1. List every residue whose amide H lies under 5 Å from the amide H of Leu23, counting only residues 5 or more places away in sequence or on a different chain, with H placed 1.01 Å from N in the peptide plane.
2. Hey, what number do you get for the chain at 222 nm if only DSSP H runs of n ≥ 4 count, each worth -39500 (n - 2.57), divided across all residues, to the nearest 500?
3. Report the full-extension gain for the segment Asp74 to Thr30: residue separation times 0.36 nm, less the Cα-Cα distance, to one decimal in nm.
4. Which whole-Hz couplings ³J(HN,Hα) result when phi for each residue of region 28-37 is put into the Karplus expression 6.51 cos²θ - 1.76 cosθ + 1.60, θ = phi - 60°, listed in order with x for Gly and Pro?
Amino acid sequence: MTATQQARLDGFRVSLSYRGHSLTINGEGTAFPALIEPVVVAQGGRYEVAREEANHSHVHVERTSLPSIPSIGDYLHDAETGTRYRITRINNQSANPIVIFEECEVSA
């Protein structure tokens, strides 16, 4: 791991300690920590952060904390809030210690 990757991972872990959520894959198995970034998906695929009007979320998870990599169509479940994040795109670059599930469809 490069120094830049390590610094990014350290910052991610600090963020998790303040605003992390505990999720499971399809409501089963071992829980893992994640950061959730609400976004509004507009026409044309452009998006911006807007918590009060969010209709999707990006979910960021440390690769080593995932019990397995879920598939498109699976959902990440937050048992505390009852919220489900249906996976529509996965940004899973092997050089990045963080897996990003982009534009997850949010349902309660």
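Bear in mind these aren't lab numbers, they're just calculated from the coordinates by the rules spelled out. This is a predicted model, so every value here is computed, not measured.
1. Here the answer is Phe32, Ala34, since their amide H atoms fall under 5 Å of that of Leu23.
2. -5500 deg cm²/dmol
3. Values: separation 44, 0.36 × 44 = 15.84 nm, distance 1.53 nm.
The span from Asp74 to Thr30 would gain 14.3 nm if fully extended.
4. 10, x, 6, 6, 9, x, 8, 9, 10, 10
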